[in-house]
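Here the structure comes first, spelled out in structure tokens, and everything after it is commentary.
Since every read-out is calculated from the coordinates, none of them should be taken as a lab result. Nothing here was measured: the structure is a model prediction, and the numbers come from that model. Methodologically, a virtual Cβ is constructed for each residue, glycine included, from the backbone with ideal geometry; neighbour enumeration extends over all protein chains shown.
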Amino acid sequence: MATIRLRETGEVIEGHDKVQQFLESQEVLYEHWDMSKLPAELNAKFVLTDEEKAQILTAFDTDIRDLAERRSYVDWDIIALSDSTPNLDELLAKFKNVHTHTDDEVRAITAGHGIFVVKGESGYYNIELEPGDVISVPEHTPHFFTLMDDRQVVAVRLFIDTDGWVAHPYEEKEYSVE
Ligand SMILES: [Fe+2]
């Protein structure tokens, strides 16, 4: 289950109901997929062949189509990041720029971990994600994504339109985002 960490105060929010309640108040979609659907050999694999990516999409096909139908996503794919990814540090440095998109940003974590750092009403908060967590950062909401200490993640991305993915830099004047 996801954990929330408020960066201004250090407050931690844990437990499915409290996390869901908090994210709902921030208009962030939060759902959970049943990870037992994933073939065991893909639980901890971060370098994936096209066939393995297709296997993950097939395992969660019902969940993906249900989400897509409810929220108008038209396509989906798999992203995998780990120390085997060329230029991972460069990529992570680039990711750390706060930005917005014209569409929402949806991720379903299927292995490893990731953090979305999102601007809320009283500062930035971390959404620390583990396998099975599904979130969507609303359109026009400043945020960035980074990895956790394990430095590896596999996630399903769903989108409405590739134009909606363009990152528009956001200049933060009020809060520290370090
Ligand atoms: Fe983004």
(request) Using θ = phi - 60° and the Karplus relation 6.51 cos²θ - 1.76 cosθ + 1.60, list the HN-Hα couplings for segment 78-84 in order, rounded to whole Hz, with x at every Gly or Pro. (result) 10, 10, 10, 10, 6, 5, 7
(message) Taking amide H atoms as placed 1.01 Å from N in the peptide plane, list the residues 5 or more away in sequence, or in a different chain, whose amide H sits under 5 Å from that of THR110.
(response) GLY132, VAL154, ALA155, VAL156
(message) Given points 7 Å out from each Cα along the Cα-Cβ axis, report the LYS96 to LEU6 separation in nanometres with one decimal.
(response) 2.5
(message) Angle check, please: helix 16-25 long axis (alpha carbons) against the longest principal axis of the chain (alpha carbons), in degrees 0 to 90, nearest 10.
(response) 60
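Run the numbers on segment 82-133 and let me know its relative contact order in percent, using alpha-carbon pairs under 8 Å that are six or more apart.
Working: 41 pairs, mean separation 15.3, N = 52.
Here the relative contact order equals 29 percent.
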(message) In whole Hz and in residue order, list the ³J(HN,Hα) couplings for segment 87-93 that follow from phi through the Karplus curve 6.51 cos²θ - 1.76 cosθ + 1.60, θ = phi - 60°; x for Gly and Pro.
(response) 6, 4, 5, 4, 4, 5, 5
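What whole-number volume per residue, in cubic angstrom, does the convex hull of the C-alpha atoms of segment 1-97 give?
Values: hull volume 15.9 nm³, N = 97.
Per residue, the Cα convex hull of segment 1-97 comes to 164 Å³.
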(message) Relative contact order of segment 3-169, please, whole-number percent, based on alpha carbon pairs below 8 angstrom and at least 6 residues apart.
(response) 31
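Take the cross-link list LYS94/LYS173; LYS45/LYS94; LYS45/LYS119; LYS53/LYS173; LYS18/LYS119; LYS94/LYS119 and give me the ones stretching past 28 Å between alpha-carbons. Could you put the intermediate results ahead of the total?
Working: LYS94/LYS173 19 Å; LYS45/LYS94 24 Å; LYS45/LYS119 31 Å; LYS53/LYS173 40 Å; LYS18/LYS119 18 Å; LYS94/LYS119 18 Å.
Pairs exceeding the cut-off: LYS45/LYS119; LYS53/LYS173.
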(request) Find the centroid of the Cα atoms in segment 1-37 and in segment 39-78, then give the distance between the two in whole Å. (result) 22
(message) For a quick check: sort ASP149, ASP103 by the number of other beta carbons within 10 angstrom, fewest at the front.
(response) ASP149, ASP103
(message) Less than 13 Å from a label point 7 Å out along the Cα-to-Cβ axis of VAL47: which backbone N atoms in segment 65-96 qualify, by residue?
(response) 81-87
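Rounded to the nearest 20 Debye, what is the dipole magnitude of the chain about its Cα centre when Lys and Arg each give +1 and Asp and Glu each give -1 at the C-beta? Can you show the working numbers first?
Working: 16 positive and 37 negative charges, 34 e Å.
Here the size comes out at about 160 debye.
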(request) Please report, in Å, the Rg and the Dmax of the chain, where both are computed over Cα atoms only. (result) 15.6, 45
(request) For segment 86-119 and segment 143-170, write down the distance between their C-alpha centroids in whole Å. (result) 4
(message) If I fit a long axis through the Cα atoms of helix 50-59 and take the longest principal axis of the Cα atoms of the chain, what angle between them do I get, 0 to 90°, rounded to 10?
(response) 80
(message) Tell me which GluC sites (Glu not before Pro) from segment 65-132 have a DSSP coil assignment and no more than 15 other beta carbons within 10 Å of their own.
(response) GLU121
